[in-house]
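J.: Dumping the structure here so I can ask a few things about it.
Read-outs: derived from the displayed coordinates by stated rules, not from any lab. Values in this document were obtained by computation on a predicted structure and should not be read as measured data. Neighbour counts are summed over all protein chains in view; Cβ atoms, including those assigned to glycine, are modelled from backbone coordinates with ideal geometry.
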2 protein chains.
Amino acid sequence: MSLVIVGSVAFDTIETPRGRVDRAIGGSAVYSSMIAGSFCRPMLVGVVGEDFTGAHRAVLEARGVDIEGLETVPGGKTFFWEGRYGSDPNERDTILTELNVFESFRPILPESYLPAGFLFLGNIDPDLQLSVLKQFPKKPVTGCDTMNFWIEGKPDALRRVLERVDLIFINDSEARQLSGESNLLRAASTVLAMGPKVVVIKKGEHGAHLFAKDFQFIASAFPLEDVVDPTGAGDTFAGGFMGYLASAGNMNHETLKKAMIYGTVSASFTCERFSVERLENLEIDEIRGRYNTLSDITRFDRE
Amino acid sequence: MSLVIVGSVAFDTIETPRGRVDRAIGGSAVYSSMIAGSFCRPMLVGVVGEDFTGAHRAVLEARGVDIEGLETVPGGKTFFWEGRYGSDPNERDTILTELNVFESFRPILPESYLPAGFLFLGNIDPDLQLSVLKQFPKKPVTGCDTMNFWIEGKPDALRRVLERVDLIFINDSEARQLSGESNLLRAASTVLAMGPKVVVIKKGEHGAHLFAKDFQFIASAFPLEDVVDPTGAGDTFAGGFMGYLASAGNMNHETLKKAMIYGTVSASFTCERFSVERLENLEIDEIRGRYNTLSDITRFDRE
């Protein structure tokens, strides 16, 4: 099935202990859709300026991403972010954020996207997430992301989103903030009660934990000897997860487990190079290889 | 097979957000041996003062712990520690440490302990760990623990210990400190090169990662809704791990995997009550129950 992905498209300048990259392609919708292309037909909704060239578009199209929903604002400039990581890949400083055309982003879905069975709402204003949901004649299976900025700034709109989505991807500190619970299991229960059928708590290098009513599943992160640039790892996780879900066409327990592992190993590739470099020529066999390795190094049977 | 356990025996006063306990039984050898009693015959080596009563000894003996090697210093006082945890169970403040009889601890093994096939050297001065190793006519399969205090203060003695042990249990920050590598995989490789065949990196609520030459295994922590007191969780992990190893009588890959899981679920019980309370009447069926639950919520097959 098809997967619509709504989110940011950006240029990122990133400095890590392993080097630096200037104005490289980035943004949540870019990472999510480029990995989802390994599993299904992703349909991107986003906005860019005139500085987003044909060469940039080609990077997305080479991954099978449908960019009919990528709007170009005449005379506009693409969202720009500059950040720096220290030795701890979980912490980063934002040096500069220029929203540019992203500031007045009003996502409009092309007609060809409307029959899609799956939707991923990247981390954008919850009012915009709601406006996207309203455009579908029949609600697709929907996953959403969010962040502390919206948890604090737009709690009511976010709650309306949560009442309408099937899955939420959220990191551990955001889950604690959203729920007011410091224990992760209690935090997940509280978020489940807000509406989503499935809560996926991302813990970076410590893996991810999926919670549903009467079901949970824990995935260890794929161990990496070399973390070059963690930017986009969370977006890649969600894109791999939702992409696999769309390819399976259901949300049963077995599918959710596999989606967790595909999301996990997808994220590991993103961290190995700057920007989307590692995703550009990523083969499904490489993804499956890590999937199987992770099974080998974590699997144990009941006694 | 039998397992000799050398380490501290203490009284702990502990305050956590969930309450407080005064002068409760604690210490690395206590937690390790009480859980090891679920798997094998633990033989404890430690030192206490006259304030360690028959009732305290009975707590150990009820778990099948041989305390012939528990020395009582006439007129002495038992090691005392007071600590306080905030909302983050990974961080604690030490309020008071009174070494008392532990300051001049010189571990002497009773003759009946010498045929033991397995040995766990809890976190004590590496020179004392070496002195214990020298007392065995035939070196047992040996695991050791250590801490930042010895990594900084006695690096040479610690290196001599590492050349002689089969396994080391170490937490993630200590592994980074000992190896000088911030990446955990590189840290583990560096520590392996120092001598041990197996390096087990403990990551608290994030589980544990075992490294050997050409073999690794990752265990997720058992998810807990209620962490009352994390004191002794690491010691319980090592005690459950070494206890299972002693019961299996070998160190093959299958045994190491099972030991990781038994260590992991053992530690989860300790966190659920203050001091050793949860270990006192812990049944092997409860341990197996969590073992199987952890398999259910983490296991996935190769694609």
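J.: Just to be sure I understand: of the beta bridges DSSP finds with both ends in chain A, what percent are antiparallel, rounded to 5? Please list the in-between numbers first.
T.: Numbers: 22 of 54 bridges.
Close to 40 percent.
J.: Please report Rg (one decimal) and Dmax (integer) in Å for the Cα set of segment A:99-222.
T.: Both quantities, over Cα of segment A:99-222: 14.8, 44 Å.
J.: Please find the FRET efficiency linking residue B:103 to residue A:130, where r is the Cβ-Cβ separation and R0 is fixed at 56 Å, and quote it to the nearest 0.05. Kindly include the intermediate steps, with their values, before the conclusion.
T.: On the way: r = 66 Å, r/R0 = 1.17.
Efficiency, rounded to the nearest 0.05: 0.30.
J.: Let me ask something else about it. The protein assembly as shown: D in µm²/s via Stokes-Einstein (Kirkwood Rh, Cα pairs, 37 °C, 0.692 mPa s)?
T.: On the way: Rh = 25.8 Å.
In µm²/s, the coefficient rounds to 127.
J.: Within segment A:172-268, report the trypsin sites (Lys or Arg not before Pro) that DSSP leaves as loop and that have at most 13 other Cβ atoms within 10 Å. Mind showing how you got there, number by number?
T.: Working: sites: A:176, A:186, A:197, A:202, A:203, A:213, A:257, A:258; in loops: A:197, A:203, A:213.
Those satisfying the criteria are A:213.
J.: A further question follows. Quick one: in chain B, whose Cβ comes closest to the B/A rotation axis, and how close in angstrom?
T.: B:206, 2
J.: If each residue of separation counts as 0.36 nm, what is the full-extension length gain between residue B:295 and residue B:156 once their alpha-carbon separation is subtracted?
T.: Gain in length upon complete extension: 46.0 nm.
J.: Determine the dipole magnitude for chain B: charges of +1 sit on the beta-carbon of Lys and Arg, -1 on that of Asp and Glu, nothing else is charged, the reference point is the Cα centre, and the result goes in debye to the nearest 20. Working shown, then result.
T.: On the way: 31 positive and 42 negative charges, 197 e Å.
For this selection, approximately 940 debye.
J.: In whole Hz and in residue order, list the ³J(HN,Hα) couplings for segment A:164-181 that follow from phi through the Karplus curve 6.51 cos²θ - 1.76 cosθ + 1.60, θ = phi - 60°; x for Gly and Pro.
T.: 10, 9, 8, 9, 10, 9, 8, 8, 4, 5, 5, 4, 5, 5, 5, 9, x, 10
J.: Work out the length of the dipole vector of the protein assembly as shown about its Cα centre, built from +1 on the beta-carbon of each Lys and Arg and -1 on the beta-carbon of each Asp and Glu, and round it to the nearest 20 debye.
T.: On the way: 62 positive and 84 negative charges, 217 e Å.
Dipole about the Cα centre, nearest 20: 1040 debye.
J.: Under the definition of Cα pairs under 8 Å and six or more residues apart, what whole-number percent is the relative contact order of segment A:164-303?
T.: Computed value for segment A:164-303: 18 percent relative contact order.
J.: Put the label 7 Å from Cα along Cα→Cβ for residue A:112; what are its distances to the other copies, in nanometres, shortest first?
T.: Spelled out, the distances from residue A:112's label point are 8.2 nm.
J.: Share of Cα-Cα pairs in chain B beyond 35 Å, in percent? Mind dumping the intermediate values first?
T.: Numbers: 5098 of 45753 pairs.
Across chain B, Cα pairs with separations above 35 Å total 11 percent.
J.: For residue A:303 and residue A:226 in the same chain, what is the full-extension length gain: residue separation times 0.36 nm, less their Cα-Cα distance, in nm?
T.: Gain on extension, residue A:303 to residue A:226, equals 24.2 nm.
J.: Here's a follow-up. If the label for residue A:91 sits 7 angstrom from Cα along the Cα-to-Cβ line, what are its distances to the same label in every other copy, in nm to one decimal, shortest first?
T.: Reported distances to equivalent positions: 1.0 nm.
J.: I'd like the projected area of segment B:150-210, averaged over all directions, using the convex hull of its alpha carbons. Report it in nm² with one decimal.
T.: Details: hull surface 14.9 nm².
About 3.7 nm², averaged over all directions.
J.: Out of residues 5 or more away from residue A:41 or on other chains, whose amide H comes under 5 Å of its own, with H placed 1.01 Å from N in the peptide plane?
T.: A:3
J.: Starting from the Cα of residue A:190, move 7 Å in the Cα-to-Cβ direction to define the label point; list residues of segment A:164-182 whose amide nitrogen is under 20 Å from there.
T.: Under cut-off, by backbone N: A:164-165, A:167-182.
J.: Could I ask something else about it? Any idea what the relative contact order of segment B:2-298 is, in percent, if you count C-alpha pairs under 8 Å spaced at least 6 apart? Can you show the working numbers first?
T.: Values: 645 pairs, mean separation 54.1, N = 297.
Over segment B:2-298, the number comes to 18 percent.
J.: Determine the dipole magnitude for segment B:4-163: charges of +1 sit on the beta-carbon of Lys and Arg, -1 on that of Asp and Glu, nothing else is charged, the reference point is the Cα centre, and the result goes in debye to the nearest 20. Write down the numbers at each step before the final one.
T.: On the way: 16 positive and 22 negative charges, 95 e Å.
I would put it at about 460 debye.
J.: Turning to a different aspect of this structure: If a paramagnetic tag sat 7 Å from the Cα of residue B:214 along the Cα-Cβ line, which residues of segment B:249-279 would have the backbone N under 15 Å from that point?
T.: Once the point is set 7 Å along Cα→Cβ of residue B:214, B:252-254 turn out to lie under 15 Å by backbone N, inside segment B:249-279.
J.: Taking a label point 7 Å from Cα toward Cβ, how far is residue A:136 from its twins in the other copies, in nm, shortest first?
T.: In nanometres, ordered from closest: 6.1.
J.: Determine which residues of segment B:202-231 fall in the zone a paramagnetic label at residue A:90 would reach in this model, i.e. backbone nitrogen under 12 Å from the point 7 Å along Cα→Cβ.
T.: B:203-207
J.: Using θ = phi - 60° and the Karplus form 6.51 cos²θ - 1.76 cosθ + 1.60, what ³J(HN,Hα) does each residue of segment B:298-303 get, whole Hz, x for Gly and Pro?
T.: 10, 6, 9, 8, 4, 7
J.: Within chain A, how many lysine pairs that are 8 or more places apart, or on different chains, have C-alpha atoms less than 15 Å apart?
T.: Details: A:139/A:197; A:197/A:213; A:197/A:257; A:202/A:257; A:213/A:257.
Summing the qualifying lysine pairs gives 5.
J.: Out of A:184, A:132, A:206, whose Cα points farthest toward the positive end of the dipole of segment A:132-287 (charges: +1 Lys, Arg; -1 Asp, Glu; placed on Cβ)?
T.: It is A:132, whose Cα lies furthest towards the positive end.
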